[in-house]
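Below is one structure; the comments refer to it alone.
The values are calculated or read from the model by the stated rules, or taken from the named source; none is laboratory data. None of the values given here were measured: they were computed from a predicted structure. Cβ placement follows ideal geometry from the backbone for every residue including glycine, while neighbour counts extend to all protein chains displayed.
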Amino acid sequence: MPARRSTAKYDRETHLGLVRRARRMNRELAQAFPHVYCELDFTNPLELAVATILSAQCTDKRVNLTTPALFAKYPTALDYAQAHRTELEELIRPTGFYRNKANSIIGLGQELVARFDGEVPDTLDELVTLPGVGRKTANVILGNAFDIPGITVDTH
């Protein structure tokens, strides 16, 4: 069977044409959504990473009700790495899927301590190697904690 040939205009577009179209799309999105911001409450990249993990299948409002006590009890990556699973699970239970999220958060703390001196890395390639961190979470962290642009889409 012969290969299908695409006739779409953008398949033949030059690099400059792609750049111009991307800039136009960016302007249109900025006009349509001028005040886009992260609704999760955080004061540092670690808090944002944990809050974003908790936000899976949960509203940001519910996460924000849960995180003050969590962040007070576990202020560093080492604290998460050494957390007692049952205590952590009880704190994050209101966010749903608390067992899986506890595994991810403890694993996140352990990896941050072991590989990054307890600091959240600021590259997509490093972030996606961490437990509980996929491309969406990584882009949320990069964009909101480090001002590095990326595309993040969410349903709420």
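Structure above, values below:
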{"item": "The one condition in (1) part of a helix (DSSP H, G or I); (2) surrounded by fewer than 21 Cβ atoms within 10 Å (Cβ to Cβ) that Leu88 fails to fulfil", "result": "(2)"}
{"item": "Residue check for Cys38: at pLDDT below 90 and surrounded by 14 or more Cβ atoms within 10 Å (Cβ to Cβ)", "result": "yes"}
{"item": "Qualifying position, being modelled with pLDDT of 95 or more, surrounded by 17 or more Cβ atoms within 10 Å (Cβ to Cβ) and either touching a strand residue (DSSP E or B) at 6+ places or on another chain (Cβ under 7 Å) or closer than 15 Å to Val63 by Cβ (or both), among Ala138, Ala145, Ala102", "result": "Ala102"}
{"item": "Residue in segment 8-35 that is modelled with the lowest pLDDT, counting only those that are surrounded by fewer than 10 Cβ atoms within 10 Å (Cβ to Cβ) and part of a loop (DSSP other than H, G, I, E, B)", "result": "Ala8"}
{"item": "Residues of segment 91-118 classified as outside any loop (DSSP other than H, G, I, E, B), closer than 28 Å to Asp147 by Cβ and out of contact with any Pro (no Cβ under 7 Å at 6 or more places or on another chain), total", "result": "11"}
{"item": "Residue within segment 108-115 that is touching a Phe, Trp or Tyr at 6+ places or on another chain (Cβ under 7 Å) and not hydroxyl-bearing (Ser, Thr, Tyr) present", "result": "yes"}
{"item": "Members of segment 93-121 that are on the phi < 0 side of the Ramachandran plot and touching a residue at least 40 places away in the same chain (Cβ under 8 Å)", "result": "Thr95, Lys101, Ser104, Ile105, Leu108, Leu112, Glu119, Val120"}
{"item": "Test: residue in segment 119-131 that is farther than 23 Å from Asn103 by Cα and either of a type outside the set (S, T, N, Q) or not in a helix (DSSP H, G or I) (or both)", "result": "no"}
